[in-house]
Amino acid sequence: MREEKSILHDIYESNIAMELISLGARMQVLESETSLSRRKLLKLYKELRGCPPPKGMLPFSEDWFMVWQQNIHSSLFYNIWLYLQKTERCRPIEATLKAYRLYLEQCPGKDGTKPILGMTRAWTLLRFVDCGIIQYKACSLCGGGFVVTKEVAKGQFVCSLCSPPSRAVKRYAIPANSRETSIAF
């Protein structure tokens, strides 16, 4: 005998899928986080985006998260996610969506460009933390929490905000009529 699915459950799952799609999540994320069939997810994706989802594998390298700018954005997202985990009772995917929306409020893409940390990468970051590929560590200078690899977590860690790489400072100028310093990242 076939188990009946609740219509409300399907609507809830469809809403999660629609939000993930609108934030740019790939099909693998949708399939992992919802109980909807692949056929329904493909149809929903095509309706919302007007085109089929991109094909190919998800990014699978922790190195991307360790580059100075990506690390700052990833760490910001992860800190938001940790806060939501402590303060709200919800499904992990709901916390991920809320954290990502809050991240986008703080770090929107400039001039119509995509944000540094995409939804699929944010989701991947959480998977990497769950399986121990990436860990969370405080900077030994400022005390801020950052995502780091297992190797970096073993020793003392100084974040790229406290010690930015030379390529991080693209512009350093002191305006003639001001004491302000302009540093663009």
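The values are calculated or read from the model by the stated rules, or taken from the named source; none is laboratory data. Here the structure is a predicted model, which is why all the values come from computation and not from measurement. A quick note on method: Cβ atoms are made from the backbone with ideal geometry, for glycine too, and the neighbour counts reach across all protein chains shown. Quick note on the areas: whole protein, heavy atoms, side chains included, nothing else; ligands and nucleic acids left out. Shrake-Rupley method; radii C 1.70, N 1.55, O 1.52, S 1.80 Å.
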Within straight cross-link reach of Lys150, meaning Cα distance under 13 Å, which aspartates and glutamates are found once same-chain residues fewer than 8 apart are removed? Glu62, Asp63, Asp130
Quick check: residue separation of Tyr12 and Thr87 times 0.36 nm, minus the Cα distance between them. What number comes out in nm? 24.8 nm
Taking the mean number of other Cβ atoms within 10 Å as a proxy for protection, how do you rank 25-31, 133-139 from highest to lowest? 25-31, 133-139
Counting heavy atoms of the protein chains only and a 1.4 Å probe, report the per residue accessible area for the range 33-140 as a whole number of Å². 58 Å²
Fully extended contour minus Cα-Cα distance, from Gln69 to Leu141, at 0.36 nm per residue: 24.1 nm
Mind jotting down the distance between the C-alpha centroids of the range 99-137 and the range 25-70, whole Å? 14 Å
Here the range 41-50 yields Karplus 3J(HN,Hα) values (6.51, -1.76, 1.60; θ = phi - 60°; whole Hz; Gly and Pro given as x) of 5, 4, 5, 5, 4, 5, 5, 6, 9, x
Local net charge near Pro115, Cβ-Cβ under 13 Å (Lys/Arg +1, Asp/Glu -1): +2
Setting aside same-chain residues fewer than 8 positions from Lys43, which aspartates and glutamates have a Cα under 20 Å from its Cα? Asp10, Glu13, Glu19, Glu31, Glu33
Starting from the alpha-carbon convex hull of the chain, give the projected area averaged over all orientations, in nm². 14.7 nm²
Add +1 for every Lys or Arg and -1 for every Asp or Glu among the other residues with Cβ under 13 Å from the Cβ of Phe128, and state the total. 0
Using the per-residue mean of other Cβ atoms lying within 10 Å as a proxy for protection, in what order, highest first, do the peptides 62-68, 45-51 fall? 62-68, 45-51
Taking the 0 to 90 degree range and rounding to the nearest ten, how far is the long axis of helix 68-87 tilted relative to the main principal axis of the chain, both from C-alpha atoms? 60 degrees
Reachable lysines from Lys40, Cα under 30 Å, same-chain residues fewer than 8 places away excluded? Lys5, Lys55, Lys98, Lys114
In whole angstrom, how long is each semi-axis of the equivalent ellipsoid of the range 30-117, when you take the square root of 5 times every eigenvalue of its Cα gyration tensor and sort them from largest down? 25, 19, 14
In terms of modelled amide H atoms, which long-range or inter-chain residues lie less than 5 Å from the amide H of Ile134? Val129
Computing the accessible area with a 1.4 Å probe over protein heavy atoms, can you report the carbon and sulfur percentage for the chain? 54 percent
Peptide ranges 90-101, 145-156 listed from the most packed, as the mean C-beta count within 10 angstrom indicates: 90-101, 145-156
